[in-house]
Amino acid sequence: MKISSSAAAVALLASSADAFAHRGGGAPHRVRTALSAATEERAPPRMNRPRTKAPVFDEVCETTGVTLGRFLHSHAELNPEARELTVLFDSVGTACKAISNTVKRSQLPSSETLGLQGEGNASGDDVKKLDMITNDILKRALKFTGRMGVLASEEEDEPVSLLDDGSPLSSTWAEKEVIVDETEKYVAVFDPLDGSSNVDAGIPTGTILGVYEYDEGCKMDDDCVGEECTEQERECLANTLQPGTNLVAAAYCLYSSSTFLALTLGNGLYMFTLDETIGEFVLSQADVKIPDDGKIYSFNEANFDRWDAPLRDVVTGWRAGTGANGQVFTSRYIGSMVGDVHRTLLYGGVFGYPGDTTNANGKLRLLYEGAPMSFIVEQAGGLSTTGTERVMEMVPREVHQRVPIVMGSRKLVEEVEGAYAKKD
């Protein structure tokens, strides 16, 4: 079956991904240690675990043209406590290459990857065949790193625990029965193919990933029975229900005119572009900073009349040029969060999917869309809010919880927050 063979091939690639991480060498020189101003200035979150200190970077990590493997190798040398992230994100890069190729080939009649799977996912959305293929690719790539404890995906009904017991994988390896691996370090949350509803039309799509540290206090008793085991499993799977302030890393891949990988390890945002002639991601923009202001907004304006009054007033001002910066705004909306946020990061502006009278909490999921993308935007100097609350500080109640979001240039997001504060 084509789906299984493709995923198996990616698994083999991902299992040897650490080869990339050991290329290069040389002594580090200039070291940058400062967190982004946006992260430092915001108040510390409630219900927060002690956060891993921000990593230090040397001049290799600031040099455009270096490969992702060389970048990660330099990071591992300077931050040995986070060395496992090197293997993890090298496998993520491999998975993104495979997904990019799968998406590009999806338009071919022989691919048989377009159209619906014939069922809905855990979030209630229609599932494309590509949703399941890309979900399988990314799950397998993450499992073969040997660094994963628990993962949660848009396409899974519940968090899945990964047990490296040496047994062969099958297409149904992620069963509903929960098996907790106590030895691994990280928890991954992801949306394997953001914007998949538009993939049949060739619209840009993307992958979103967030990484948390695994709670080493999670212990499973081998002698437990019945409800006792269920409660222990529930406590361990709560690893996924962490606020964005606990994220140690986040990334997105954008599949468009080029394949982009935007990555933060907690010390700024770095963008890589896939060079298909050598088959590697190379650093194209180091320490990306979103403009403080802008004149582009990305909302689904078909919902304008259903938004609440503060947001309608702000957007009306932007349209008329009577907003805080006095500029007449332009509307740009792709309908793929990764594509819209990528443009916003580069050009400035604001992206949002607010709540409305039909969907009070919007449509974006907090855990694996809102929090990771908010972390990325804040690491670039921007802000992300629900209008009344910082998205990064929200503690998910359940895996597929939705949340209204407005994110982008600092001054524009503050203008939205001001409108809601004035109403209150």
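What follows is calculated from the coordinates using simple rules that are stated; it is not laboratory data. Every value quoted in this text rests on a predicted model; they were computed, and no experiment measured them. Virtual Cβ from ideal backbone geometry, glycine too; neighbours counted across all protein chains shown.
Think of the stretch 296-423 as having a plus end and a minus end, set by charges on the Cβ of Lys, Arg, Asp and Glu; of VAL328, VAL413, PHE299, VAL328 sits farthest toward the positive end of this dipole.
Ordering ASP356, ASP424 by the number of other Cβ atoms within 10 Å of each residue's own Cβ, fewest first, gives ASP424, ASP356.
The ranking of PHE144, PHE375 from fewest to most other beta carbons within 10 Å of each one's beta carbon is PHE144, PHE375.
Which pairs, out of LYS97/LYS185; LYS363/LYS423; LYS129/LYS363; LYS289/LYS363; LYS143/LYS411, put more than 32 Å between their alpha-carbon atoms?
Details: LYS97/LYS185 25 Å; LYS363/LYS423 24 Å; LYS129/LYS363 21 Å; LYS289/LYS363 27 Å; LYS143/LYS411 40 Å.
Exceeds cut-off: LYS143/LYS411.
Taking Cα centre as origin and charging only the Cβ of basic (Lys, Arg, +1) and acidic (Asp, Glu, -1) residues, the dipole magnitude of the stretch 287-387 rounds to 180 debye. Highest mean packing comes first when the peptides 387-393, 203-209 are listed by Cβ atoms within 10 Å, giving 203-209, 387-393.
Counting neighbouring Cβ atoms within 10 Å and putting the fewest first, the residues SER100, SER258 line up as SER258, SER100.
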